[in-house]
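Notes to accompany the following structure.
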Amino acid sequence: MKTVRTVADLRAKLSGNVHFVPTMGSLHEGHASLIRMAAAGGGTTVMSLFVNPTQFNDQKDLDAYPRDEDADSRIAESAGCDIFFAPGAQDVYPDGFATSIHLSGMAEKWEGAHRPGHFDGVATVVAKLFNFIGPCTAYFGEKDWQQCRVVERMVIDLNLPVDLRFGPTVREPDGLAMSSRNELLSPEARYAAPALYKNITEAGTSFREGMPVTLAERRAHHGLLADGFDKVDYVAIVNALTLEPIEEGEDARLIAAATIGGVRLIDNLPV
Ligand code: AMP
């Protein structure tokens, strides 16, 4: 595996079919599973490591974001990465940077509503990374369900030459979705955190068995508070692709965001 830090160096090393996994580092098995999917595609597997400041709507959250490039590099290499692209902030955001991509509609709901500017930051950096790399197959995790849908919308709307693939959420044995943010949980909060998966799983089952949407959502919301979460931003059963209110017979997804011990966690399930 080669580590590269500039766009010029990256482009000089790309050849054949390119498979690309964008990340913000602090790699875990969820990221590794995407790198393995990418490497299985043959050709050149590129992973980017860039903690993108513009997608953090809270400076404290950005400062606290875990960083360990050496550990990331080892995980990436053992998962089959060929090129580890870790640009500096100046390479991504040159002085005077003034351009931003804004998606309206679905991107303004849920995560977009609770983290103003978040998806503008995601869309802008992902579009830039795609431009650095050129035509490729790019891999995203279903853990960030709305992000998958936002990137998909952008690729269609801007005719980006990128084929998207989505990998399933990788979980800890107790059900907690793997996330770089899990490292920030206190031992007590880590112990209680699997209640997110438990409550949305129960709500999903109740919904499938005929419970009305709002009741299933409300039950998970109250369950989370009873199980130690401090704040629930949303628990919603929505159309899986548009993230609009679900209609009879449509593919549904349960999406949720809640905070425990000061750490905000998200999760989702097909229902
Ligand atoms: P991040 O470094 O958090 O920006 O994530 C980089 C990529 O890894 C994104 O496409 C995420 O959706 C994906 N990812 C993060 N956590 C998981 C997980 N537990 N399972 C599968 N993919 C994940």
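Brief remarks follow.
- Only one of the listed residues (LEU241, LEU224, LEU196, LEU254) is outside any helix (DSSP H, G or I) and open to solvent by less than 50 Å² (accessible area, probe 1.4 Å). That residue is LEU254.
- Selection within segment 200-227 - under 24 Å from the mean Cα position of the chain (by Cα) and in contact (Cβ under 8 Å) with a residue 40 or more places away in the chain: ILE200, THR201, ALA203, GLY204
- Looking only at segment 5-21, residues that are open to solvent by 30 Å² or more (accessible area, probe 1.4 Å) and touching a helix residue (DSSP H, G or I) at 6+ places or on another chain (Cβ under 8 Å) come to 4 in all.
- Only one of the numbered conditions (1) more than 23 Å from ARG181 (Cα to Cα); (2) of a type outside the set (A, V, I, L, M); (3) surrounded by fewer than 18 Cβ atoms within 10 Å (Cβ to Cβ); (4) touching a helix residue (DSSP H, G or I) at 6+ places or on another chain (Cβ under 8 Å) is not met by GLU217, and that is (3).
- Set ILE35, ILE75, ILE83: member being of a type in the set (Val, Ile, Thr), under 26 Å from VAL170 (Cβ atoms), within 15 Å of the ligand (Cβ to nearest atom) and in contact with a strand residue (DSSP E or B) (Cβ under 8 Å, 6 or more places away or on another chain): ILE35
- Scanning segment 200-238 for residues that are touching a Ser or Thr at 6+ places or on another chain (Cβ under 7 Å) and over 16 Å from ILE266 (Cα atoms) yields ALA216, ARG219.
- Among the residues of segment 238-259, the one identified as within 19 Å of the chain's Cα centre (by Cα), more than 16 Å from ALA107 (Cα to Cα) and β-branched (Val, Ile, Thr) is THR259.
- Selection status of ALA177, within 16 Å of the ligand (Cβ to nearest atom) and among the small types (Gly, Ala, Ser): yes
- Candidate set from segment 180-189 (those that are open to solvent by 10 Å² or more (accessible area, probe 1.4 Å) and within 15 Å of the ligand (Cβ to nearest atom)); member that is farthest from VAL232 (Cα to Cα): GLU183
- Condition check for LEU164 on (1) within 13 Å of the ligand (Cβ to nearest atom); (2) on the phi > 0 side of the Ramachandran plot: one failure, at (2).
- Restricting THR259, THR214 to residues that are β-branched (Val, Ile, Thr) and in a helix (DSSP H, G or I) narrows the list to THR214.
- Residues of segment 66-81 that are open to solvent by less than 60 Å² (accessible area, probe 1.4 Å), out of contact with any helix residue (DSSP H, G or I) (no Cβ under 7 Å at 6 or more places or on another chain) and either farther than 18 Å from VAL125 by Cβ or not in a helix (DSSP H, G or I) (or both): ALA71, SER73.
- Single residue of THR124, THR169, THR137 found to be within 15 Å of the ligand (Cβ to nearest atom), under 18 Å from the mean Cα position of the chain (by Cα), at negative phi and part of a strand (DSSP E or B): THR137
- GLU202 vs. criteria part of a helix (DSSP H, G or I), open to solvent by 60 Å² or more (accessible area, probe 1.4 Å) and over 17 Å from HIS114 (Cβ atoms): yes
The values are calculated or read from the model by the stated rules, or taken from the named source; none is laboratory data. Just so you know, these numbers come straight off a predicted model, no measurement behind them. FYI the Cβ positions are ideal-geometry reconstructions off the backbone, even for glycines, and counts take in every protein chain you see. When the accessible area is computed, the model is the full protein with side chains, heavy atoms only, and any ligands, DNA or RNA have been set aside. Shrake-Rupley method; radii C 1.70, N 1.55, O 1.52, S 1.80 Å.
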